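Visitor: Pasting in a structure now, in structure tokens, and then I'll have a few things to ask.
Read the figures in this text as sums done on the coordinates, not as results from a lab. Given the structure is predicted, the values throughout are model-derived calculations rather than measurements. Cβ: placed from backbone, ideal geometry, glycine included. Neighbour counts: every protein chain shown.
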Amino acid sequence: MGILRWQRRDRVASPDMSDGARVLADQPQSGNQDAAVTAPVTEAPAQPGSDIATLDWEALRSRVSACTACALHTSRTQTVFGVGNPSADWLVIGEAPGADEDKQGEPFVGRAGQLLNAMLLACGLKREQVYIANILKCRPPNNRDPRPEEVISCEAYLMRQIALIQPKLILAVGRIAAQNLLQCDTPIGKLRGQVHRFRDTGIPLVATYHPAYLLRSPAEKRKAWQDLQLAMRTVDEPPA
Ligand code: SF4
């Protein structure tokens, strides 16, 4: 199964795609298999520091790279902070690093990353023009779903990234990202196709399918394109 070209008819062509890269092994539409065997959390998750909201980019990056606030620090190769334009209009937020991201230290690499790049190009955006980050900065072992305590421990970093970027739009890619950002357990199929607000920031948020899921379910690309068109309209004409 190759990566289909994404092309906005009035704009740019998508790049050539390599079939050699790995497909991320997440399960955007499935339940959390790990959750069934996870022991109840009896203590409050560790917090990375009360001053996160005051840090600049370099201090924030440095804090993340040294973070030991949750157990994922023991199995990571390196943290995956985020990449892109720190003044971007679009902030793309995914779930967590996979094996390739853990090795390279950059979010959305491999085949899913290439498809994300093509999706952005279809919107007239190069990867470098947006900012790309994840809910978690460290890879969950075996690409399992993030655990609630890990999300809570890592949340201050993402919130600070959002505050520094002040994007016009958040594009939440995949069930895990969308549900955590919107603090709900609504299926991704019901979260997509509409404009949400990101908590009390008021930033418009559009949810869509994860590119790894689209690689496995190419028939859903049509709906993802509809979501991207909605995202473009939202940036061009922000809701009142
Ligand atoms: S996932 Fe986040 S909170 Fe956990 S160790 Fe990594 S950076 Fe720290």
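Visitor: Order these by the 10 Å Cβ neighbour count, fewest first: Trp90, Trp57.
Guide: Numbers: Trp90 23, Trp57 14.
Taking fewest neighbouring Cβ atoms as first place, the list is Trp57, Trp90.
Visitor: Here is a follow-up. For a footprinting-style exposure proxy, rank Asp102, Asp200 by other Cβ within 10 Å, fewest first. Don't skip to the answer; put the middle values down first.
Guide: Details: Asp102 22, Asp200 6.
So the residues, fewest neighbours to most, are Asp200, Asp102.
Visitor: I'd like the FRET efficiency for Gln129 and Gln183, computed as 1/(1 + (r/R0)^6) with the beta carbon distance as r and R0 of 35 Å, rounded to 0.05.
Guide: Working: r = 29 Å, r/R0 = 0.82.
For Gln129 and Gln183, the calculated efficiency is 0.75.
Visitor: Return His196, His210 ranked ascending by Cβ neighbour count within 10 Å, so the fewest neighbours appear first. It would help to have the intermediate numbers written out before the result.
Guide: Working: His196 17, His210 28.
Starting with the residue having the fewest Cβ neighbours, the order is His196, His210.
Visitor: Let me ask another. How large is the Rg to Rh ratio of region 45-127 when both quantities use alpha carbon positions and Rh follows Kirkwood? Numbers along the way, then the final one.
Guide: Values: Rg = 14.4 Å, Rh = 14.4 Å.
Value, to two decimals: 1.00.
Visitor: Tell me, what ³J(HN,Hα) does each residue in region 202-209 have, in order and in whole Hz, if you take phi through Karplus 6.51 cos²θ - 1.76 cosθ + 1.60 with θ = phi - 60° and put x for Gly and Pro?
Guide: x, 5, x, 10, 10, 9, 8, 6
Visitor: I've got another one for you. Taking 0.36 nm per residue of separation and subtracting the Cα-Cα distance, what length does fully extending Ala53 through Gln78 add?
Guide: Numbers: separation 25, 0.36 × 25 = 9.00 nm, distance 2.26 nm.
Extending this stretch completely gives an extra 6.7 nm.
Visitor: Hey, any idea what the orientation-averaged projected area of the convex hull of region 65-177's Cα atoms comes to, in nm²? Intermediate results must be reported in sequence, preceding the final value.
Guide: Working: hull surface 25.8 nm².
Seen from a random direction, the Cα hull of region 65-177 projects 6.5 nm² on average.
Visitor: Another question, if that's okay. Asp145's amide H: which non-local residues (gap 5+, or another chain) put their own amide H closer than 5 Å, with H modeled 1.01 Å from N in plane and none for Pro or chain starts?
Guide: The list, which skips near neighbours in sequence, is Gln33, Asp34.
Visitor: On average over all directions, what projected area in square nanometres does region 94-240 have, based on the convex hull of its Cα atoms? Could the numbers behind the result be given before it?
Guide: On the way: hull surface 33.7 nm².
With every direction weighted equally, the projected area is 8.4 nm².
Visitor: Now a separate question. Go through region 50-90 and name the trypsin sites (Lys or Arg not before Pro) that are in a DSSP coil and have 15 or fewer other Cβ atoms within 10 Å of their Cβ. The partial results should precede the final answer.
Guide: Numbers: sites: Arg61, Arg63, Arg76; in loops: Arg76.
Nothing satisfies the criteria.
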